[in-house]
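Colleague: Sharing a structure with you now.
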Amino acid sequence: MRVQLFIPCYVDQLAPQVGLASAALLERLGCQVEFDRRQTCCGQPFVTTGAREEAARLAERHVRIFAGGDPIVCPSASCVATVRHRYAGLVDPEAARALAARTFELGEFIVRVLNRADVGARFPHRVALLESCHGLRELGLGWPSERTSRAPGAGISESLLRAVDGLELCPVGRRDECCGFGGAFSVEYPELSGRIGRAKLDALAASGAEFVTGTDVSCLLHLDGLRRREGVGPRPLHLAEVLASQGTS
């Protein structure tokens, strides 16, 4: 299967290893990975701050670059949520619906399209899962606690992690509370963002995990900044990096 790899701008600039891990993982699973170097921001920051003209310009460019019929795979739940749920109000609705139907978060694509859970990964460490807000509430990668008091089963990311050889998944208290990043929220309300993040970091540290993983580099970077300041908490590692691992670290 041929896939188009959609790498968000902040991954490209701040965590390029996540993009490389995503490509390596998809190729290991038998996909032919195409990467268009013209791609840039999907427009999410402009959407969330109300800059609709700028957001529409970026969305239209994104639609043109990712034209075709191949699945589009992205290691960012929040960027996929933007394409899937925001583009209809920014570009031609028909084009937006067609693009949304073939745009997938990385783990979602592996489980729902490739019908895989075990990707042949080995990662012998204690790991906590950071269930990001966009992934839970807009992509359905799990079950948020406000909708059900008890999750009816493992979500997409959790099922992939449970199949990793040697990995011990550590339960986290109040598992689906926001990490506090929220994109522009962390800029407009830095004190509140920091307080929410430190509470999340405390819960992750209490789980006994060595690493915390998730579907959004932005959330992981936010927690890593707090971890470095506080000197406590698990190291962040994107889901793609865990699933691409076949060794001991």
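The values are calculated or read from the model by the stated rules, or taken from the named source; none is laboratory data. Fair warning: this is a prediction, and the values are worked out from it, not measured in the lab. Here the Cβ positions follow ideal geometry from the backbone for every residue, glycine too, while neighbour counts run over all protein chains shown. Accessible surface areas use protein heavy atoms only, side chains included; no ligands, DNA or RNA. Shrake-Rupley method; radii C 1.70, N 1.55, O 1.52, S 1.80 Å.
Colleague: If each residue of separation counts as 0.36 nm, what is the full-extension length gain between Leu192 and Arg57 once their alpha-carbon separation is subtracted?
Modeller: Gain in length upon complete extension: 45.4 nm.
Colleague: Considering Cα pairs under 8 angstrom that are at least six residues apart, work out the relative contact order of region 139-208 and quote it in whole percent.
Modeller: Once divided by the residue count of region 139-208, the mean separation gives 26 percent.
Colleague: If I compute solvent accessible area with a 1.4 Å probe over the protein chains, what percent of it on the chain is carbon and sulfur?
Modeller: Here it works out to 49 percent.
Colleague: For region 1-138, what size does the Cα cloud have along each of its three principal axes, sorted from largest down, in whole Å?
Modeller: Computed over region 1-138, the largest-to-smallest principal extents equal 47, 30, 26 Å.
Colleague: From the square roots a ≥ b ≥ c of the eigenvalues of the alpha-carbon gyration tensor of the chain, which class results: rounded (a/c under 1.5), prolate (a/b over b/c), or oblate?
Modeller: Oblate, since a/c reaches 1.5 and b/c is not below a/b.
Colleague: Okay, next question. Given region 55-197, what whole percent of its Cα pairs are spread farther than 27 Å?
Modeller: Tail fraction, whole percent: 32.
Colleague: Continuing with this model, one more query. Expressed in nm to one decimal, what extension gain is obtained for the pair Arg228 and Asp12 from 0.36 nm per residue of sequence separation less their Cα-Cα distance?
Modeller: Going from the current span to full extension adds 75.6 nm.
Colleague: From zero up to wherever the largest Cα-Cα distance of region 121-239 sits, split into 10 Å bins and tell me the percent of pairs in each.
Modeller: Reading the bins upward from 0: 14, 47, 33, 6, 0.
Colleague: For an R0 of 35 angstrom, estimate the FRET efficiency from the Cβ-Cβ distance between Arg37 and His85 and round to the nearest 0.05.
Modeller: 0.85
Colleague: Remind me, relative contact order of the chain in percent, using alpha carbon pairs under 8 angstrom and six or more residues apart?
Modeller: 20 percent
Colleague: Given R₀ = 22 Å, FRET efficiency for Glu27-Ala67 by Cβ-Cβ distance, to 0.05?
Modeller: The computed FRET efficiency comes out at 0.45.
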